[in-house]
1. Name the residues in segment 21-53 that are touching a strand residue (DSSP E or B) at 6+ places or on another chain (Cβ under 9 Å) and either loosely packed, with under 14 Cβ neighbours inside 10 Å or part of a helix (DSSP H, G or I) (or both), would you?
2. Restricting attention to segment 1-20, and to residues there that are surrounded by fewer than 18 Cβ atoms within 10 Å (Cβ to Cβ) and under 22 Å from residue 128 (Cα atoms), which single residue is nearest to the chain's Cα centre (by Cα)?
3. Condition first: at pLDDT below 90, closer than 17 Å to residue 137 by Cβ, in a helix (DSSP H, G or I) and in contact with a strand residue (DSSP E or B) (Cβ under 7 Å, 6 or more places away or on another chain). Can you find one or more residues in segment 65-88 that meet it?
């Protein structure tokens, strides 16, 4: 995580300036458990590093490049509050009648435990809170209309790959920091082709 944020700072990514401080590990763990999720060590580390980004007023954001929240070319950094809200609204909605769905509880158990950590306009990069909190958390992309993609092995694996893409210039900020420039990497990283994480 330190290397990734150092790489973002090195290319002048605006998100570095606007990222909120991280949360204490005990607080992240307690809030995950309160939501019925195991306190997976990689998720605790993720939100312990930065807890989303500062929300700008309409006046302050008028001249701000939309990319000030982007930590990857396709995603906005969200806070733990936002992650848990999206988990309740989008993930549990599909498996729990209490959230307005008529499906029997547990009809789509494959969605349970997948916590959003990055938001791409309603498509979410999600990390799995597994039953063993010391195990790595697989990561993938979840589409509300099309379910889960193939998963990569862990948050650490994904962050290492993203760091390398920033360091070697494959991912770069666009002109005036407005968005990112990046190639289609599905052929370059065939093992990750199905994850939608590149």
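1. Kept after step one, since they are touching a strand residue (DSSP E or B) at 6+ places or on another chain (Cβ under 9 Å), are these residues of segment 21-53: 21-23, 28, 32, 35, 37, 40, 42-43, 46-47, 49-53.
Listed by number, the residues that qualify are 21, 28, 32, 42, 43, 46, 47, 49.
2. Among residues in segment 1-20 that are surrounded by fewer than 18 Cβ atoms within 10 Å (Cβ to Cβ) and under 22 Å from residue 128 (Cα atoms), the one nearest to the chain's Cα centre (by Cα) is 1.
3. So far as segment 65-88 goes, yes, one or more of its residues are at pLDDT below 90, closer than 17 Å to residue 137 by Cβ, in a helix (DSSP H, G or I) and in contact with a strand residue (DSSP E or B) (Cβ under 7 Å, 6 or more places away or on another chain).
The values are calculated or read from the model by the stated rules, or taken from the named source; none is laboratory data. The structure presented is a predicted model; accordingly, all values stated were derived computationally and were not measured. As a convention, Cβ positions derive from the backbone with ideal geometry for all residues, glycine included, and neighbour counts pool all protein chains shown.
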